[in-house]
Amino acid sequence: MFNSLCDWVNENYEVSYIVGVGTLALTAWALDPKKRSKRAWGAFAAAVALGVALEPCVNVQSQTYGPVLSHGSRQSRQIALTFDDGPSEYTAPLLDVLAEEGVKATFFCVGKNVLQHPDLVRRAHDEGHLVATHSYSHRNLLGCLPAASRREINAGAQALDKVLGYRPQWFRPPYGMRYPWTLLQARQAGLSTVLWSNCPRDWLKPGAKVIARRVISDLQPGDIVLLHDGGGDRSQTVVAVRFIIRYLSSQGYKFVRVDELIRESDV
């Protein structure tokens, strides 16, 4: 129940924020003005200011605190499938599906999982997929001081360097959350930050058909689709991916890696 609530808040943070500050405003209005109303109004003002400051940190489309890639050209019928949190036991069957369908994708790998499953990382690379970093331990970087954030970013890149023999060029912060210094640290490490524009919330495990339907119904040309090959049971995602590929291919879409998508990007 609690995890479901957290997932809802994460996906509907704007509504959650409005409800929260609205509750503070009503509290301030209802209190006796001679007693605690100044404190309540102060809390309301602080919440508004904090929300304005943090919104660009969690909005995957926002460029306020630095450049991020969330989609490619809206004029081209190309999309990028991306997979987070692996590698895991579900990465191999997912790679099988991609190979059978002739599709290249992008894998944002967690550093500690890279070191545990180096063969899967090498296989993804050898089969032509783009391998990128998703930090070292998947910590929410909004909860990290700058020094800890830098360690997460650098250690994640170093793990891929150790396995593949070169540093990655692309980075996705866990949960898409980043401070201005997160983006700066990534650039200093030679990394470009990639987020997404299509999120079917496959981690909720709603069923393969629902995952596929969410991707297809919300799809726009140039989308970067957020899916997962690690962090839990991803068997539904593996099944959904085959349907997504076959249906969208029949509609004239081409699947490309993130680095190929950005070449055609108008953002």
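The values are calculated or read from the model by the stated rules, or taken from the named source; none is laboratory data. Since we're looking at a predicted model, the values are computed, not measured. No Cβ is skipped: glycine too gets one built from the backbone with ideal geometry, and neighbour counts run over all protein chains shown. Each accessible area value is taken on the protein alone, full model and side chains, heavy atoms only, with ligands, DNA and RNA left out. Shrake-Rupley method; radii C 1.70, N 1.55, O 1.52, S 1.80 Å.
Pairing each residue of segment 56-82 that is free of Cβ contacts under 8 Å to residues at least 40 places away in the same chain and more than 20 Å from Gly190 (Cα to Cα) with any residue that is part of a loop (DSSP other than H, G, I, E, B) and not charged (D, E, K, R), provided the two are 6+ apart or on different chains, yields C-beta distances under 7 Å for Pro56/Ser62; Pro56/Thr64; Pro56/Tyr65.
The criterion of being modelled with pLDDT of 95 or more and farther than 28 Å from Asp233 by Cβ does not hold for Arg172. Within segment 232-239, at least one residue is open to solvent by 70 Å² or more (accessible area, probe 1.4 Å), more than 18 Å from the chain's Cα centre (by Cα), touching a residue at least 24 places away in the same chain (Cβ under 8 Å) and under 19 Å from Thr91 (Cα atoms). On the stretch given as segment 207-231, residues that are out of contact with any Pro (no Cβ under 9 Å at 6 or more places or on another chain) and open to solvent by less than 10 Å² (accessible area, probe 1.4 Å) total 3. Scanning segment 145-191 for residues that are surrounded by 21 or more Cβ atoms within 10 Å (Cβ to Cβ), farther than 23 Å from Ser70 by Cβ and charged (D, E, K, R) returns no hits. For segment 199-227, filtering for residues that are free of Cβ contacts under 8 Å to residues at least 40 places away in the same chain and within 11 Å of the chain's Cα centre (by Cα) leaves 0.
Every test in (1) under 18 Å from the mean Cα position of the chain (by Cα); (2) under 22 Å from Ala132 (Cα atoms); (3) open to solvent by less than 10 Å² (accessible area, probe 1.4 Å) is passed by Ile245 save one, and that test is (1).
Quick one: would you say Ser192 is within 26 Å of Ser73 (Cβ to Cβ), in contact with a Leu (Cβ under 8 Å, 6 or more places away or on another chain) and hydroxyl-bearing (Ser, Thr, Tyr)? So Ser192 passes the test.
Taken over segment 138-183, residues that are under 25 Å from Pro118 (Cβ atoms), assigned to a loop (DSSP other than H, G, I, E, B) and either touching a residue at least 60 places away in the same chain (Cβ under 8 Å) or within 12 Å of the chain's Cα centre (by Cα) (or both) amount to 4.
The helices (runs of 4 or more DSSP H) found entirely in segment 191-267 that carry 1 or more residues being modelled with pLDDT of 95 or more and aromatic (Phe, Trp, Tyr) are 235-250.
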